[in-house]
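Step one of this worksheet: look at the structure below.
Computed from the coordinates by the stated procedures, all read-outs in this text should not be read as laboratory data. Note that the coordinates shown come from a computational prediction; the quantities given were computed from them, not determined experimentally. Ideal geometry is used to build each Cβ from the backbone, glycine not excepted, and the neighbour counts take in all protein chains shown.
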Amino acid sequence: MTTQLVNFAQKTRQAASSLALLSTESKNQAIEAIAVALESARMEIIQANLADCQAATQEGIAKPLYKRLQLDEHKLREAIAGVRDVGKLADPVGKVQIHREIDTGLILKRVTCPLGVLGIIFEARPEAAIQIISLAIKSGNGVILKGGKEALRSCEAIVKAVKQGLSHTAVNPDAVQLLTTREEILELLHLEKYVDLIIPRGSNSFVQFVQDNTRIPVLGHAEGICHLYIDQSADIKKAISITVDAKTQYPSGCNAIETLLIHNSIAGEFLPQIAKALQAENVELRGDQRTLEILPKITPATDTDWGTEYSDLILSVKIVDSLEAAITHINNYGSRHTEGIITEDVKAAEIFQNLVNAAGVYHNCSTRFADGFRYGFGAEVGISTQQMPPRGPVGLEGLVTYKYQMSGDGHIVNTYTGANAKSFTHRDLI
């Protein structure tokens, strides 16, 4: 490990310690300063992104990754609006979750506090850096970022603007750092003395690599293999609209559907209509044998298709015999990201939402709503598909932990043991 990176991490740690003590007002002023700085550097950031896109095109970047890489004025404007939304959110630090009298004069509190330093490794999407930084500042954490090589210029321009903005505030600019080489990733994973949480955003294999090569806790978000099940009691018009949105609104998004499941009793009516609507949006359909009997001109699906995140205008289609069969398929092939059911049968929706194992389980709406900004979190550092919390879009609440604080007046445990032990009062004060 290089001395330079250790010094780098030490500075971030020190800056994060100071940040943890700042008032809500000081943090909000810093967040507004970031927004203003990004607006001032708008053209520089967009030009850097254009250079990244041109270089990526020459290197033959995959189409879905290219879509994520692009940062136009609209995306940048949305990202800056997200920064300001984070500033409007309640401060997650210093919240008293438990306030309890253990005995007279002996008081216990459980109080939320920052995690410390976050290590975020992500690919392509440069606006993710903006979201992550604003959430880190608001939650009192330092952050070390490592974007994909394809977004290097964009990330450098963004971080440069952020640091300029922070330089006029109470937040030390060293609280935000950017790594620029692939070699630094492995070094970052070995900085357990300085980094408290790693959040990798990338392929399943990459997330697995991170988990296998660090002793730092990892908040994993891997593939987004999302499904939409069209139940026998679905409203056909509603189902068509939601399916098209869930696949085509932003096909490279991890919350876009990759497999469409259809109950056999409505497949004959629904499939020709949805095929027409999707093909009008240039979606390639890949169907199982029963689907091919209704849509003979589409591509046959293979076993590989059911476990593939296309991140593109490709959708696998399968006919199932029951709600239970749809749930079984989803729990076998899904990535525990976001799953949906379209039905007018409230009982079927309830069964689906209770039995499908995913961070988000939706009824009669698009899976594309799985997003921290749309949830009202202001932004997100990623979407966690793990079983333990935080789960789903991770906003401010996922970036704090808590500590127990106890205050007494000479109290000792011996008073509460033995034959003449005094009893605890255990009286909640809030």
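Given 37 °C and 0.692 mPa s, compute D for region 188-247 with the Stokes-Einstein relation, Rh being the Kirkwood radius over Cα pairs; round to the nearest whole µm²/s.
228
Ranked from highest to lowest mean number of other Cβ atoms within 10 Å per residue, what is the order of the peptides 223-230, 259-266?
The densest-packed peptide leads the list: 223-230, 259-266.
Taking the DSSP beta bridges in region 226-369 as the whole, what percent of them are antiparallel, to the nearest 5?
Approximately 0 percent, going by the DSSP bridge assignments.
Can you tell which of Leu219, Leu323, Leu71 shows the greatest fluctuation in a Gaussian network model of the chain with Cα springs below 10 Å?
Of Leu219, Leu323, Leu71, the Gaussian network model singles out Leu323 as fluctuating most.
What is the chain's relative contact order, in percent, from Cα pairs under 8 angstrom and six or more apart in sequence?
Relative contact order of the chain: 20 percent.
5 Å is the cut-off here: which amide hydrogens, built 1.01 Å from N in the peptide plane, fall below it relative to Leu179, excluding neighbours closer than 5 in sequence?
Counting only residues 5 or more places away or on other chains, the set is Leu145, Lys146, Gly147.
Taking the chain as a Gaussian network, where each spring joins two C-alpha atoms under 10 Å apart, which residue of Thr415, Thr338, Thr308 fluctuates the most?
Thr415
How would you order 324-334, 402-412, 76-86 from highest to lowest mean count of nearby Cβ atoms within 10 Å?
Top of the packing list down: 76-86, 324-334, 402-412.
Which order, highest average first, do 361-368, 290-297 follow once you tally other Cβ atoms within 10 Å for each residue and take the mean per peptide?
So the peptides 361-368, 290-297, ranked by packing, come out 361-368, 290-297.
Measure out, as a whole number of angstrom, how far apart the alpha-carbon centroids of region 138-171 and region 332-402 sit.
What the calculation gives is 28 Å, centre to centre.
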